[in-house]
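The values are calculated or read from the model by the stated rules, or taken from the named source; none is laboratory data. In this text the structure is predicted, and so the values were computed from the model without any measurement. Reconstructed Cβ throughout: ideal geometry from the backbone, glycine too, with neighbour counts over all protein chains shown.
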Amino acid sequence: MLKQTKRLTLVEQVAEQIEDLITSGIWAVGSRVPPEPELMEQLQVSRNTLREAIRALTHAGLLKTRQGDGTYVCSSSALGPVLKKRIMRSKMLETLEVRQALEQEAVKLAALRRDEEDLVKITHCLEQCKLAINTQDPQTYAQWDIEFHQAVVSASHNDLLIELYDYISESLQHIVVELFEKADFKKYYFTHEQLLKAITERDSDKAVEIAHLFIQESQQHLTSDNTTGTGGQLHESIKQPDQTRG
């Protein structure tokens, strides 16, 4: 049996309006929320009502209050904080599997939808990965490897997929560093290079095949207790990227 719908309280209405400003991007992540008097005037509500709405959004993880400094936007949607908390309770391999499941669909869409701007971003990230391998810098490699995959997912032009992937990827930098210490990342680089080639050529089947390959490689290194690898030490460096490219 259907139940009678409940009318939103004034606090809930104010919180909903503020959340709309955040999710629409009008209030960007990192930006400072307007002062209380300004918001009270715009919303035509009391200080207590406004503070209750701000408190609710702070609890949801969208806002953060800094003592003596004001209130700031810290997430673009309530989904982000919830996912982050859940990821913290997940095993490393589980998180990686979810990320990679999203990625397989993303590379297929990227091959079909990418534009020239997308290719420039992906190529730049891959070149930075190459430099990090040659200088044996796992932290920098982790940063650019994640940005490479985010650029690929962005090329899917599916906003929900991009948002989900970004939230999960934020928690994975330490995993990439751990993989760097176990594996020969020269091999990973060439797999990523093949993925870029498939996306450039709009070969979605090939892109999915390659994504599945580096997913298997990552899982093998995480689940194997006997991985000898090279400890991140490459016996030869990769050819430096052409500095004239963007």
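Listed values, structure above:
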| item | result |
| --- | --- |
| Where a residue in the range 65-84 is among the polar types (S, T, N, Q) and its partner, wherever it lies, is in a helix (DSSP H, G or I) and crowded, with 18+ Cβ neighbours inside 10 Å, with Cβ under 7 Å and at least six apart | THR71/ILE54; SER76/ILE22 |
| Conditions (1) surrounded by 15 or more Cβ atoms within 10 Å (Cβ to Cβ); (2) modelled with pLDDT under 90; (3) more than 27 Å from ASP159 (Cα to Cα); (4) of a type in the set (A, V, I, L, M); number of the one not met by MET40 | (2) |
| Extreme residue, modelled with the highest pLDDT, among residues of the range 22-37 that are in a helix (DSSP H, G or I) and surrounded by 14 or more Cβ atoms within 10 Å (Cβ to Cβ) | GLU36 |
| Residue match in the range 84-91 (condition: closer than 22 Å to ALA155 by Cα and either assigned to a helix (DSSP H, G or I) or out of contact with any Asp or Glu (no Cβ under 8 Å at 6 or more places or on another chain) (or both)) | no |
